[in-house]
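A.B. asks: Please find one structure pasted underneath; my questions will follow.
The values are calculated or read from the model by the stated rules, or taken from the named source; none is laboratory data. All values derive from a computational prediction rather than experimental measurement. Every residue, glycine among them, receives a Cβ derived from its backbone with ideal geometry; neighbour counts consider all protein chains shown. Heads up: the accessible areas ignore ligands, DNA and RNA and are worked out on the full protein's heavy atoms, side chains in. Shrake-Rupley method; radii C 1.70, N 1.55, O 1.52, S 1.80 Å.
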Amino acid sequence: MSGELELKLRDRLAKLKRLHLPGAGISDEVRRIEQQLEKMDSGDERDEDEIWRSVEFARHPERPYTLDYIERLIGDWIELHGDRARMDDPAVVSGLGSFAGRTVAVIGHQKGRGDAVQRVKRNFGMSNPEGYRKAMRVMDIANRHGFPVITFVDTPGAYPGVAAEQHGQGGALAASQAAMARLTVPAVACVIGEGGSGGAIAFALANRVLMQQFAIYSVISPEGCASILWRDAGQARKAAAAFRPDAVHCLELGVIDSIIPEPKNGAHSDYDEAAKLLGSSLRATLDELKKMSGKDLRRDRRDRFRSHGVFAS
Amino acid sequence: MAGRIDVSIEHKNSPPEPGGSKKHPNTCPKCNSHYRDDELAANLRVCAQCDYHFPVGALERIEQLLDDGSFIEEAADLRSADPLGFFDLRSYKERIAEAELKTGLGDAMLMGQGKIEGLDFQLTVMDFSFMAGSMGSVVGEKFVRACERAIERKVPLISVNASGGARMQEGILSLMQVPKTVCAVENMRDAGIPFISVLTHPTTAGLLASFATLGDITIAEPGTLMCFTGPRVVQQTVREDLPDDFGLAESNFRFGHLDAIVRRRELKPTLAKLLRLFGHVG
């Protein structure tokens, strides 16, 4: 398979060298392909299999979900339901509880486990706008009462449905981020499974973004990317290797602040151990944010996101 | 010159291509009326027969909306890098080079200062023909700088949007442009700067989940597709017929997501009115 890729790259290289396009760094591209070919020769390119393992672990049907962590980490938990306008969205869980000696608000995507009925009930963790509006309501409570906000991100994406669109899915995702941008309490996001695109980012505009070792975080699903760019959803492995949704890459790009280790065989192999590791990262992160004033927290959060992006000028 | 619309987000009811061949860009896809370039330009690229709004590129949009010669471009030198060394069937670098050649633009957004009826404001305009108007690091950065300049200059921001969403060739960094631009809008809000968002066909996905829906005022041109998920994907998910106006501005207006639908020839006067009403800032 890599032989095929190598041939393609060499072919491309030859074409680029023949082509003299003005403007955008074609010579850089030539250099990049040459480097990639060198790497292939030395065989140290990050393995497609390794990245795909993260994708599989992140979507593992036995992977612990938001409520599994809440059960193990949050005391005095009380779930708060409903968006006060239309409905309660079961794909999002929100509520109050105690963590590390203080009251916190917890918000997360929730997938159903086991039979189809359970999974459909939670809509596979794909929220409607009402779910994000419920979350915003709880964020508002947290902000007024000084409770830190902890979010658990685990969704394939916002739900692609007719009613979801009619009720303003895009606007709800934007509004949820805006609500997080306004918080004057500490906000910590943990990507615990699939950090899928807009649905994920709605809960991830936090002071610190943590990510579990085998979670993924991406702008589009590997299948979605493959079907658009390769015109073939079957090329998902290849697509994942191209945009690298794994935690190591997200850390390299500065998109997340730290990687939370998982049990050796993945979070699904030992819920208690996974929760312990997640809890200690969360505690340390909240401690670090404790000293900051509300105004500084808000500034810090917006500055954190201001710096994202790579461009030339 | 406006490019063809990416089929992946094209409205499901758009008429089929006759004989499978591409229509001439000056032929109305709704009623088949055909126009010379100058006729179409004179009518703001709107079909005189059926009022279909043809796509408008960023430069032509500026010409249509702004007082003559009032546009001063800023951050013009920003160019996409290729942080992932992204390579699908073709390389990202090659796709950018091609888009630059095709559109004569540096990326999918122009940013700068402008005036309408003498009223000063900051402006961003997107161009769908540059890689489907997708938002990568350059578009995100230009929009944020527009917000910062609006705050600095104490003038309103108008953004004219047209985008398929995030630019997946920049991977997770393109997703990060979403919260990045949201934060910039919040800063603007704190500073009391008015923000008018104009949605034009199509404005979808990552754009709707970020600044495009956060305007103090949000208006759209008729027929604008403005959905978070495109009709094709929704149809594959729900496996039933979609409403005829699924995701269109008209449907969004009925459900309360738009302040107004404004026809193109009313756009400039409407923006002038809003600029007058919001008055001087600061």
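Residues checked against (1) in a strand (DSSP E or B); (2) open to solvent by less than 10 Å² (accessible area, probe 1.4 Å); (3) more than 30 Å from B:GLU250 (Cβ to Cβ); (4) at pLDDT below 95:
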site: A:PHE124; (1), (2), (3), (4): no, no, yes, no
site: A:ALA142; (1), (2), (3), (4): no, yes, yes, no
site: A:SER176; (1), (2), (3), (4): no, yes, no, no
site: A:VAL191; (1), (2), (3), (4): yes, yes, yes, no
site: A:GLY195; (1), (2), (3), (4): yes, yes, yes, no
site: A:GLY199; (1), (2), (3), (4): no, yes, no, no
site: A:LEU205; (1), (2), (3), (4): no, yes, yes, no
site: A:MET211; (1), (2), (3), (4): yes, yes, yes, no
site: A:GLU223; (1), (2), (3), (4): no, no, yes, yes
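A.B. asks: On the phi > 0 side of the Ramachandran plot, in contact with a strand residue (DSSP E or B) (Cβ under 7 Å, 6 or more places away or on another chain) and of a type outside the set (Asp, Glu), is that true of B:ALA108?
C.D. replies: no
A.B. asks: Okay, next question. When residues of region A:158-167 are filtered for being crowded, with 24+ Cβ neighbours inside 10 Å and either more than 9 Å from every other protein chain (Cβ to nearest Cβ) or small (Gly, Ala, Ser) (or both), how many remain?
C.D. replies: Number satisfying all stated conditions: 2.
A.B. asks: Quick check on region A:99-121. Is at least one of its residues touching a strand residue (DSSP E or B) at 6+ places or on another chain (Cβ under 7 Å), under 19 Å from A:MET211 (Cα atoms), open to solvent by 40 Å² or more (accessible area, probe 1.4 Å) and aliphatic (A, V, I, L, M)?
C.D. replies: No: zero hits.
A.B. asks: Another question about this same structure. Test of understanding: among A:ARG12, A:ARG32, A:ARG84, A:ARG46, which residue is at pLDDT below 70 and either surrounded by fewer than 12 Cβ atoms within 10 Å (Cβ to Cβ) or over 30 Å from A:GLY112 (Cβ atoms) (or both)?
C.D. replies: A:ARG46
A.B. asks: Is at least one residue of region A:234-241 open to solvent by less than 10 Å² (accessible area, probe 1.4 Å), within 23 Å of A:LYS276 (Cα to Cα) and not acidic (Asp, Glu)?
C.D. replies: Checked region A:234-241: no residue is open to solvent by less than 10 Å² (accessible area, probe 1.4 Å), within 23 Å of A:LYS276 (Cα to Cα) and not acidic (Asp, Glu).
A.B. asks: Under the condition of being open to solvent by 70 Å² or more (accessible area, probe 1.4 Å) and more than 20 Å from A:VAL106 (Cβ to Cβ), which residue from region A:283-313 is nearest to the other protein chains (Cβ to nearest Cβ)?
C.D. replies: Residue satisfying both the conditions and the ranking: A:SER313.
A.B. asks: Being away from chain B (no Cβ under 11 Å) and in contact (Cβ under 8 Å) with a residue 12 or more places away in the chain is the filter here, so list the residues in region A:224-240 that pass it.
C.D. replies: A:ALA236, A:ARG237
A.B. asks: Still on this structure: Could you please find all residues in region B:231-261 being open to solvent by less than 10 Å² (accessible area, probe 1.4 Å) and more than 8 Å from chain A (Cβ to nearest Cβ)?
C.D. replies: Of everything in region B:231-261, those that are open to solvent by less than 10 Å² (accessible area, probe 1.4 Å) and more than 8 Å from chain A (Cβ to nearest Cβ) turn out to be B:PRO231, B:ALA249.
A.B. asks: Could we say that B:PHE121 is of a type in the set (Phe, Trp, Tyr) and at pLDDT 95 or above here?
C.D. replies: So B:PHE121 fits the description; yes.
A.B. asks: Which condition from (1) among the charged types (D, E, K, R); (2) more than 11 Å from chain B (Cβ to nearest Cβ); (3) open to solvent by 10 Å² or more (accessible area, probe 1.4 Å) is the one that A:GLU130 breaks?
C.D. replies: A:GLU130 satisfies every listed condition except (3).
A.B. asks: Can you go through B:ALA184, B:ALA162, B:ALA150 and tell me which one is open to solvent by less than 10 Å² (accessible area, probe 1.4 Å), away from chain A (no Cβ under 14 Å) and more than 15 Å from the chain's Cα centre (by Cα)?
C.D. replies: B:ALA150
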